[in-house]
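Values in this text are rule-based calculations from the coordinates and carry no lab data. Owing to the predicted nature of the structure, the values given are computational and were not obtained by experimental measurement. So basically every Cβ, Gly included, is an ideal-geometry build from the backbone, and we count neighbours across all protein chains shown.
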Amino acid sequence: MQVKLVITTIAFMLTMIVFGYAALREPARMELFEGAYESRQVEFGASIYYSNCATCHGQEGKAELCYDAEGEQIGCAGRSLHNAELLCGEPSPRLVAMGWENGTKAGFINATVNAGRAQNGMPLWGADYGGPLEDYEVENVTNFVLNWETVELCSEPTAPAPVWPDDVADLPSGDAANGEQLYQVTYGCAACHGQIDQEGTNAVGPWAGAFKNRADAQPGYTAAEYLYESILLPSAYISPECPTGPCAGPPSAMPNNFPLRMTIQEMSDMMAYLLETSEFESNGNAIVYP
Ligand code: HEC
Ligand code: HEC
């Protein structure tokens, strides 16, 4: 009797120790599970992204490198999504600029993907709007985009992207010497458009030496208006002449994310270098960056 009681007590205590240990470990196990669940969601989001979004928003979401269904490189028609302006800060500068400062980034991306912005070339995706993606798919691709927010991306203070004036007359006067540096090095335009004093040095796009004479490109435009529009909205007008024949597009093969990367002063400086004048002639054409 006595022995039996001792054994039972010991067994009971052992059981309690085992259960207690498991209970202690439970939060850690749950965390691991949730982590795996989240990363599976991001993985699923990635596959939705690469089958539906990368043709316009690019392989890394930066609207720099886009391929069509056959694997041919094409111009990126979408906006960069992988950038500090959209992803860093609460609210991020992009949310403020879009009047979404009281909402979340997830809400903003989710809503844009669901409803699209048809007038600006962003298709609608949500099933509720007649699109091809179910709610959970939109949610997963949203999480995939949000996943680009990293400490590294957000370690620099993020200035909001410039609000580009609609009229070139409202640009500050430019400094051509700085513009040359920006054209050659900082923004790498020379790699595609060549040297302005040497015809035929352009490898990919039209020769930059002729930009100052392109007032004829669109009816009623000045050369400054055309240059400004070409940088802000590369797909608005596709140039007829590239080194290997007519230029491809739309979308243009020229990167469309310069407006998110450069300042208004840098734009003026580069224009001053290319047009050989520090003040820009305007015919009053409105060039509206969305
Ligand atoms: C046919 C090209 C195209 C495809 C495909 C496309 N987009 Fe877009 N997307 C755009 C364009 C163009 C804009 C910019 C619209 C504007 O400026 O108002 C945009 C804007 C966005 C924005 C808002 C960004 C901002 O800063 O305002 C998000 C988010 C976005 N797209 C996500 C996606 C996702 C996710 C997919 C895939 C499910 C996708 N897009 C597929 C063209 C596309
Ligand atoms: C990856 C190559 C590439 C880079 C880099 C590039 N462009 Fe382009 N650019 C092109 C292509 C291709 C076209 C022709 C298609 C079009 O009209 O959009 C073009 C067109 C233009 C045009 C219209 C030219 C004309 O005669 O009609 C201007 C102006 C221009 N780019 C300026 C710039 C400036 C300034 C930079 C640097 C901030 C730059 N580009 C960077 C490829 C590039």
> For the Cα atoms of the chain, what angle does the longest principal axis make with the long axis of helix 105-115, in degrees from 0 to 90, nearest 10?
Replying inline: 70
> Exposure proxy check: Val113, Val141 ranked by fewest other beta carbons within 10 Å?
Replying inline: Val113, Val141
> Can you give the charge dipole size of the chain about its Cα centre, rounded to the nearest 20 debye, using +1 on the beta carbon of Lys and Arg and -1 on the beta carbon of Asp and Glu?
Replying inline: 1240
>> Please give me the summed charge of the neighbours of Glu85: other residues whose Cβ is under 13 Å from its Cβ, Lys and Arg +1, Asp and Glu -1.
In response: +3
> Where does each of Leu153, Leu87, Leu233 land when they are ranked from fewest to most other beta-carbon atoms within 10 angstrom?
Replying inline: Leu153, Leu233, Leu87
> What ranking do Met270, Met122 get, fewest neighbouring Cβ atoms within 10 angstrom at the top?
Replying inline: Met122, Met270
>> Rounded to the nearest 20 debye, what is the charge dipole size of segment 168-275 about its Cα centre when +1 sits on each Lys and Arg Cβ and -1 on each Asp and Glu Cβ?
In response: 240
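Around Asp128, under 15 Å between beta carbons, what's the net of Lys plus Arg minus Asp minus Glu among the other residues? Write out the running numbers ahead of the final one.
Working: positive: none; negative: Glu134, Asp135, Glu137, Glu139.
Counting the neighbours of Asp128, the net charge comes to -4.
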> Please identify the GluC sites (Glu not before Pro) of segment 84-158 that satisfy two criteria: DSSP loop assignment and at most 11 other Cβ atoms within 10 Å. Which are they?
Replying inline: Glu152
> For the chain, which cysteines have no disulfide-compatible partner, meaning no other cysteine Cβ under 4.7 Å?
Replying inline: Cys53, Cys56, Cys189, Cys192
>> Would segment 66-146 count as rounded, prolate or oblate if I go by the C-alpha gyration tensor, calling it rounded below 1.5 in a/c and otherwise prolate when a/b exceeds b/c, oblate otherwise?
In response: oblate
> Under the classification rounded if a/c is under 1.5, otherwise prolate if a/b is larger than b/c and oblate if not, where does the chain fall, given a ≥ b ≥ c as square roots of the Cα gyration tensor eigenvalues?
Replying inline: prolate
> Is segment 168-275 best put as rounded, prolate or oblate by its Cα gyration tensor, with a ≥ b ≥ c the root eigenvalues, rounded for a/c under 1.5, and otherwise prolate when a/b is larger than b/c, oblate when not?
Replying inline: rounded
> Going by alpha carbons, how many degrees (0 to 90, nearest 10) lie between the helix axis of 135-146 and the longest principal axis of the chain?
Replying inline: 70
